[in-house]
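Asker: Below is a structure I'd like to ask you about.
The values are calculated or read from the model by the stated rules, or taken from the named source; none is laboratory data. Computed from a predicted model, the values in this text were never measured in an experiment. Here Cβ is always computed from backbone atoms with ideal geometry, including for glycine, and neighbour counts include all displayed protein chains. Only protein heavy atoms, including side chains, enter the accessible area calculation; ligands, DNA and RNA are left aside. Shrake-Rupley method; radii C 1.70, N 1.55, O 1.52, S 1.80 Å.
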Amino acid sequence: ANFMWSWTYILAVVLGLLAVGLHFQWQEDRSAHADARAEKLLRQFVAAGRPELFRAQELPSAALLQWSPESLATVAPRLKDVWVKDAQENITRFTYFVASRRLGPLLRAGPGHAGHAVVPEMATRTLLEGCAEGKKRYFYSGLAEGADGLVHSDAKPLVDLFLQVIRSTKASVSTEISAKANVWISCPSTGASTHYDLGENVVLQLYGSKTFELLPAEAFLELQIPPTGHPYARQVLKEGGYNFSSFELQQGDALYVPPLWAHRTTTGQGMSISLNIFIGSAAEQLAEQLTALALPFEASWPEDMMQAAASLYLQVILKEVGIALE
């Protein structure tokens, strides 16, 4: 009897181990199929070169979709460089402004100002309470990093997948392209003014809602955008009058935004938490190469000669890209 019992016990253990092994294998196969579907989806969007709204659960984002104001306040109790201004009657918009950019000190009227204050450091709960109070509007963006300074573990699967898609889809993009994940926190009825980004972009709406209004790259000639090096570089200085395409992201939605598509954002009636992945693009690499080119001028030239040379140089460039001067 003891002999039979021992064999029964051993058989039960073996069958249990087999069941565990089959379960883990099933989980691995399921995960591999999900990653393949997500990769195929992103490939389609990137190849088409158009904005696409879809569900974030189509991507490896399960951990990210658990993020909330409370969880952020716990794991990231303090935030750096929070933008703030008084609440406007309808929508409060923030415009990116970097006074230290190369052209800032050279502007006759000075570099201007951002139109908002910057709080060097703020408790996350203070931001959340301020949003609830409604007198001020807060806007924060920062890298989604872990304590080790690397991409946060919750975002890394999506970063790696999107990076792989861009590298395999865009033959003109260098293998050394950059990738980063950003967290965006904003109060109700708050957003970023119209601007464009050079990178490939996927946005996940983790909490609340946000509306993206987009303009295709073909609209560039209609926009008033300062050049690279200007404090307002990549920002559209005149709002309104454009035929935007609108995409409303609810919690759990995702949006693919191609490079060079100008856009502005507006949060809904509650506060918003978003995360986006930026991957370097061919446009970004070309811009870096162009700004690194030495201009055909000499520092020793007198001012009138320098102005005449710069004017002629700009005329030639505009003619080459098909822009006629009136």
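Asker: Compute the relative contact order of region 206-326 as a whole-number percentage, counting only Cα pairs closer than 8 Å that sit 6 or more residues apart in sequence. Mind dumping the intermediate values first?
Answerer: Numbers: 114 pairs, mean separation 38.7, N = 121.
Taking the mean separation of contacting Cα pairs over the length of region 206-326, I get 32 percent.
Asker: Follow-up. Which distance in nm do the two modelled labels at Y313 and S246 give, with both placed 7 Å along the Cα-to-Cβ direction?
Answerer: Output for this residue pair reads 4.4 nm.
Asker: Distance check, please: which entries in K40/K85; K85/K238; K170/K319; K136/K238; K156/K210; K40/K136 exceed 31 angstrom between their Cα atoms? Can you show the working numbers first?
Answerer: On the way: K40/K85 42 Å; K85/K238 20 Å; K170/K319 29 Å; K136/K238 24 Å; K156/K210 23 Å; K40/K136 43 Å.
Violating the 31 Å Cα-Cα cut-off are K40/K85; K40/K136.
Asker: In addition: Assigning unit charges at the beta carbon (Lys, Arg +1; Asp, Glu -1) and nothing else, what dipole magnitude in debye, to the nearest 20, does region 69-181 show about its Cα centre? Spell out each step's value before the answer.
Answerer: On the way: 15 positive and 12 negative charges, 111 e Å.
Dipole of region 69-181, to the nearest 20 debye: 540 debye.
Asker: Report, largest value first, the span of the C-alpha coordinates of region 46-108 along each principal axis, in whole Å.
Answerer: Result, largest extent first: 50, 39, 30 Å.
Asker: Here's another thing I want to ask about it. Work out from phi, with θ = phi - 60° and the Karplus expression 6.51 cos²θ - 1.76 cosθ + 1.60, the ³J(HN,Hα) of each residue of region 50-61, listed in order in whole Hz, and give x for Gly and Pro.
Answerer: Karplus-based 3J(HN,Hα) across region 50-61 equals 10, x, 9, 9, 7, 8, 5, 5, 6, 10, x, 9 Hz.
Asker: Moving on. Once phi is turned into ³J(HN,Hα) by the Karplus curve 6.51 cos²θ - 1.76 cosθ + 1.60 with θ = phi - 60°, what whole-Hz value does each residue of region 65-71 show in order, with x for glycine and proline?
Answerer: Once θ is set to phi - 60°, the couplings for region 65-71 become 6, 8, 5, 8, x, 5, 5 Hz.
Asker: Where does helix 156-169 land angle-wise versus the long Cα axis of the chain, in degrees 0 to 90, nearest 10?
Answerer: Computed tilt is about 60 degrees.
Asker: Would you work out the relative contact order for the chain, in percent, from Cα pairs under 8 angstrom that are 6 or more residues apart?
Answerer: Numbers: 550 pairs, mean separation 69.6, N = 326.
Over the chain, the number comes to 21 percent.
Asker: Mind checking the angle between helix 303-320 and the chain's longest principal axis? C-alpha axes, 0 to 90 degrees, to the nearest 10.
Answerer: 50
Asker: Separate question: Would you be so kind as to identify which of A87, S68, F45 lies farthest towards the positive end of the dipole of region 36-87, taking Lys and Arg as +1 and Asp and Glu as -1 on Cβ and the Cα centre as origin?
Answerer: Working it through, the farthest residue towards the positive pole turns out to be F45.
Asker: If you don't mind, there's one more thing I want to ask. At a Cα cut-off below 19 Å, give the aspartates and glutamates reachable from K80, other chains included and same-chain residues fewer than 8 away excluded.
Answerer: Filter leaves E70, E121, E129, E145, D148.
Asker: Then there's this: Under the classification rounded if a/c is under 1.5, otherwise prolate if a/b is larger than b/c and oblate if not, where does region 142-210 fall, given a ≥ b ≥ c as square roots of the Cα gyration tensor eigenvalues? Could the numbers behind the result be given before it?
Answerer: Numbers: a/c = 2.24, a/b = 1.41, b/c = 1.59.
It is oblate, given that a/c is not under 1.5 and a/b is not larger than b/c.
Asker: Dividing the Cα convex hull volume of the chain by residue count, how many Å³ per residue is that? Mind showing how you got there, number by number?
Answerer: Details: hull volume 65.0 nm³, N = 326.
Normalising the Cα hull of the chain by residue number yields 199 Å³.
Asker: Would you calculate, for the chain, the mean residue ellipticity at 222 nm contributed by helices, counting each DSSP H stretch of 4 or more residues as -39,500 (n - 2.57) and dividing by all residues, to the nearest 500?
Answerer: Numbers: 6 runs with 107 residues, N = 326.
Taking each H run of at least 4 residues, the total per residue is -11000 deg cm²/dmol.
Asker: Given the protein chains as shown and a 1.4 Å probe, how many square angstrom of M306 are accessible, to the nearest 10?
Answerer: In the full protein context, M306 sits at about 60 Å².
Asker: Still on this structure, please answer the following. Quick one: which residues, 5 or more positions from L249 or on another chain, have an amide H under 5 Å from its amide H? H modelled 1.01 Å from N in the peptide plane, none for Pro or chain starts.
Answerer: Amide H neighbours of L249, under 5 Å, 5+ apart: K210, T211, F212.
Asker: What is the helix-to-structure angle for 124-133, meaning the angle in degrees between its Cα long axis and the longest Cα principal axis of the chain, kept from 0 to 90 and rounded to the nearest 10?
Answerer: 70
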